[in-house]
Amino acid sequence: MIDDAGTYGSPVIRVRDLTVGLTHGDQKNVVENVSFEVGPGETLCVVGESGSGKSVTAFSIMGLLQKNALEPTSGEVFLGDENLLQARPERMRQLRSARMSMVFQEPMTALNPVEKVGKQIEEVLLLHSKMGAAARRQRTLEMLDTVHLPDPQRIYDSFPHQLSGGQRQRVVICIALILEPDLLIADEPTTALDVTTQQQILTLIREMQERQNTAVLFITHDMGVVADIADRVVVMRDGNVVEVADKETILRSPSHDYTRMLISSVPSLVPEPRQPLHTETVLSVAGLNKTFQKKRFLRSASEIQAVADLNLTLRQKEILGVVGQSGSGKSTVARCIVGLEEPTSGDITICGDRLQGARSAERRQMRRHIQMVFQDPYRSLNPRVKVGRSMVEGSTNFGTPHDAAMGRAEELMELVGLSTAALDRYPHQFSGGQRQRICIARALMLEPAVLVADEAVSALDVSVQEQVLELLDEIRERTGVGILFITHDLRVAARICDSIFVMNQGRIVEHGPAEHVLGRPEEEYTQKLFEAAPGRHWDFRNFCPV
Amino acid sequence: MLPYVLKRVLSAVPVMIIVAVVIFALLRLTPGDPAAILAGNDATGEQLAQIRESLGLDEPILVQLATWCKNIISGDLGVSLLSGVPVTKMIADRVGPTLALAVGTISVTILVAIPMGIVAAGRLGGYLDRIVMALSVLGFSVPIFVTGYVLIYFFSLKLGWLPVQGYRPPSEGLFPFLQRLVLPVLALSGVYIALVARITRSSIIEVLGEDYIRTARAKGATGRRILLRHALRNAAVPIVTIIGIGIASLITGVVVTESVFNLPGLGRLVVEAVLARDYPVIQGLILLFSFTYILINLVVDILYTVFDPRIRY
């Protein structure tokens with residue numbers, strides 16, 4: 001056998017012309033003629049946007065494709081010298097976890113919620129070894145220690161819901177690596193995690209890989225992660241491999257236009273200087289506090305301060321970014337401002353009118369000045385209602401005649417780059433990016449002075465993300481709307497925001513013009529966030545290191 | 001765990017009080033004078049007044065309510081207007097057959113329906129699944145009295161394996177007791193098996209789509225292990241809920257089944273008391289059923305926390 005994985009020895013996994021099709025129906029293949037291989041100790045990153053077939057490829061290798069939906073129709077998948085596509089189910093069962101294992105995207109749902117995590121790790125040993133109960137427990141505790149979980153005894157006896165996302169992902173990694181498999185498939189293992197946690201998990205995977213000489217097939221959509229961890233890269237699009245090369249080649253001189261576009265869409269971490277705005281103030285928040293009380297039986301209630309003494313002002317045409325990790329209170333700020341939560345104390349003033357102390361009828365009138373765009377475009381449009389009806393609902397509630405509202409909806413559709421025919425269709429007929437455009441158009445129907453965008457581009461692929469960001473930029477120029485832009489992504493914040501507020505544990509730790517906060521962060525917390533941003537040593541727009 | 005149980009038990013108390021008051025009010029508001037019924041058509045006004053007085057029916061309504069609540073607490077549910085026997089004794093005499101029927105039905109339901117549901121879910125779309133679903137439609141659509149008479153026709157009349165009707169307490173021998181219980185239990189279980197099997201099937205199917213099932217498959221777990229160890233416990237909450245509701249709704253089924261199989265249980269006592277407008281007995285029975293219902297809900301709520309560690313109120 002020719003050793004074509006270069007320095008990595010004979011490949012652990014070889015995929016040759018893998019094609020995966022739908023079991024029923026003759027639609028086009030989901031994955032077509034995909035070939036690659038991964039050697040021991042090597043990290044191969046598979047990158048691509050949603051629908052590129054990267055996860056399907058991974059699941060095909062593991063034999064975990066959904067039954068009666070997808071199946072490999074041709075090609076070979078060799079694990080060592082065994083063709084997995086021809087292995088019997090019983091043999092596949094023996095191989096899983098023992099010789100190849102997988103870490104999943106969603107640590108919050110990947111563990112059985114009703115079983116202690118220690119038992120869940122032990123199950124692998126129970127299934128694949130002849131170890132006794134005491135030995136299994138011992139090995140599990142060792143493994144928990146190896147992945148740097150504090151107090152393994154306590155973790156062993158915890159249920160998944162008692163652990164944080166990062167801790168759960170460490171548990172999943174324990175399950176995957178306790179038998180020291182030859183191949184680890186990691187399917188977007190850090191996408192659902194905060195940047196600092198992401199960095200820790202990536203470091204852990206690297207550490208375990210070096211310890212066990214594991215071949216790692218790492219699936220991601222994040223070029224930053226690729227820049228940090230990959231040895232070689234496979235770029236996929238629409239089920240096909242676009243390009244395979246080593247990391248340097250891909251990042252410096254991609255040969256394919258699609259790869260080029262994908263890489264150059266990654267926003268820079270360094271914001272461009274922007275002119276300070278001297279427009280009117282449309283939203284001001286003073287001394288905002290929000291505490292959540294958790295009632296407990298026969299004990300005093302515990303309090304969580306989600307937002308503490310927050311002040312901010314948003315000007316016309318301004319895009320103000322609120323950045324922070326999950327649990328920092330940034331979404332609570334948004335919810336208080338739009339009136340989905342009642343602040344514990346503090347003043348919110350919209351276009352000169354105070355929200356606190358206003359009667360409910362007055363509040364209703366004030367609400368039209370402030371509109372929201374949500375994170376998940378797949379869930380924020382009513383699937384059973386045509387887009388047009390969703391669009392005009394707000395306006396007609398405020399008394400605009402239906403026809404006039406429809407007229408405005410048509411104008412807005414054009415503004416966000418969709419045809420007016422879209423109004424007569426249902427949400428499922430649109431892609432994620434198109435839906436988010438519709439959500440933005442809907443938010444603009446009432447001509448708001450303030451638009452609150454809560455992680456509005458986080459669920460979108462980079463290329464689509466870039467288009468939506470451009471759209472928001474254009475809209476604030478044309479309509480003068482002030483945008484409160486909430487994001488966990490420093491790159492996105494750097495790309496679009498005029499000023500940035502960094503939040504941690506309910507408090508603002510640093511704020512100022514974007515170029516100061518991100519260009520020369522002063523607070524330790526901001527610096528930490530900045531350090532953890534994946535791929536910060538690479539300038540993707542210019543295909544060179546920073 | 002313990003504070004939660006304590007809290008749930010305490011919160012059941014006000015519910016019980018409200019139930020007691022509502023039951024009292026309901027019967028006073030329905031038309032029909034029990035004294036007149038008791039006295040018969042030929043009674044004079046004087047006789048009626050006398051009967052009312054002896055029963056306390058002439059007291060102001062609030063006084064009657066206070067007496068009623070006080071008596072419940074001391075375990076006194078009054079005496080039957082017709083027979084003069086204490087209600088608690090009447091209930092005690094008749095509770096045996098009903099309890100046997102209910103416990104038998106629940107046990108058979110759990111033992112048959114849950115495995116049926118698991119098998120159907122594990123073989124989703126296969127012919128075993130279709131058989132289970134077909135049986136479940138049948139169980140739903142055939143009324144208890146039809147099932148009951150069909151069973152009697154085959155097993156008692158044609159085959160002569162089992163007695164047609166009647167009841168023997170277990171004190172007169174376990175075999176005659178069970179012999180007379182088999183058919184009523186089977187007749188009554190049909191609906192519940194259908195219901196619980198369906199819910200088990202659908203809950204497991206839903207759980208099988210969860211991410212952690214994929215994790216279990218990635219571990220190399222067998223299909224059987226995934227169903228029994230990972231899916232079933234996660235599907236337990238809806239299954240326990242439906243079994244709880246089933247037990248509560250057994251009361252209706254018990255009335256019909258006891259009539260078909262001539263069992264001298266509480267179901268028949270209900271019918272007799274209602275037809276005779278025997279207020280104290282009706283009240284006592286409704287109170288008993290309501291308190292049972294509250295108790296079952298309590299048990300179900302506590303079981304939730306056993307099956308799902310995330311549930312803590």
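Some observations on this one:
- Matching strands (runs of 3 or more DSSP E) fully within the stretch A:252-350 where at least 1 residues are over 24 Å from the mean Cα position of the chain (by Cα) and crowded, with 21+ Cβ neighbours inside 10 Å: A:281-294, A:302-315, A:345-350
- Any hit, the stretch B:132-140, residues being farther than 29 Å from B:Ile242 by Cα, in contact (Cβ under 8 Å) with a residue 24 or more places away in the chain and of a type in the set (Phe, Trp, Tyr): no
- Summed over the stretch A:507-528, residues that are within 12 Å of A:Gln325 (Cα to Cα) and crowded, with 23+ Cβ neighbours inside 10 Å total 0.
- Residue count for the stretch A:190-229, restricted to those that are part of a helix (DSSP H, G or I) and among the hydrophobic types (A, V, I, L, M, F, W, C): 11
- Any hit, the stretch B:240-250, residues being crowded, with 17+ Cβ neighbours inside 10 Å and either among the aromatic types (Phe, Trp, Tyr) or within 14 Å of chain A (Cβ to nearest Cβ) (or both): yes
- Contact annotation: residue pairs with Cβ atoms under 7 Å, 6 or more positions apart or on different chains, pairing a residue in the stretch B:1-29 that is within 12 Å of another protein chain (Cβ to nearest Cβ) with a partner that is of a type in the set (Asp, Glu), are B:Arg8/B:Asp301.
- All positions within the stretch A:114-134 that are within 8 Å of another protein chain (Cβ to nearest Cβ), surrounded by fewer than 24 Cβ atoms within 10 Å (Cβ to Cβ) and of a type in the set (A, V, I, L, M): A:Val114, A:Leu127
- Qualifying residue in the stretch A:94-113 (condition: in contact with a helix residue (DSSP H, G or I) (Cβ under 9 Å, 6 or more places away or on another chain) and away from chain B (no Cβ under 12 Å)): no
- Residue in the stretch A:480-487 that is closer than 25 Å to A:Asp228 by Cβ, surrounded by 20 or more Cβ atoms within 10 Å (Cβ to Cβ), at pLDDT 90 or above and not acidic (Asp, Glu) present: yes
- Sole exception among (1) part of a helix (DSSP H, G or I); (2) within 14 Å of chain B (Cβ to nearest Cβ); (3) in contact with a strand residue (DSSP E or B) (Cβ under 9 Å, 6 or more places away or on another chain); (4) under 30 Å from A:Asn33 (Cβ atoms) for A:Pro181, by number: (1)
- Residue within the stretch B:148-165 that is within 13 Å of chain A (Cβ to nearest Cβ), small (Gly, Ala, Ser) and farther than 28 Å from B:Ser249 by Cα present: no
- Selection within the stretch B:146-191 - polar (S, T, N, Q), without any contact (Cβ under 8 Å) to a residue 60 or more places away in the chain and surrounded by 12 or more Cβ atoms within 10 Å (Cβ to Cβ): B:Thr147, B:Ser156, B:Gln179
- Looking across B:Ala39, B:Ala100, B:Ala25, B:Ala35, one residue alone is modelled with pLDDT of 80 or more, surrounded by 15 or more Cβ atoms within 10 Å (Cβ to Cβ) and among the small types (Gly, Ala, Ser). It is B:Ala100.
- Matching residues, the stretch B:186-218, being under 30 Å from B:Ile152 (Cβ atoms), among the polar types (S, T, N, Q) and either over 18 Å from the mean Cα position of the chain (by Cα) or within 14 Å of another protein chain (Cβ to nearest Cβ) (or both): B:Thr200
- Of the numbered criteria (1) modelled with pLDDT of 90 or more; (2) under 24 Å from B:Arg94 (Cα atoms), the one B:Arg225 fails is (2).
- Residue in the stretch A:443-451 that is within 29 Å of the chain's Cα centre (by Cα), closer than 16 Å to A:Val481 by Cα and surrounded by fewer than 19 Cβ atoms within 10 Å (Cβ to Cβ) present: no
The values are calculated or read from the model by the stated rules, or taken from the named source; none is laboratory data. Owing to the predicted nature of the structure, the values given are computational and were not obtained by experimental measurement. Virtual Cβ from ideal backbone geometry, glycine too; neighbours counted across all protein chains shown.
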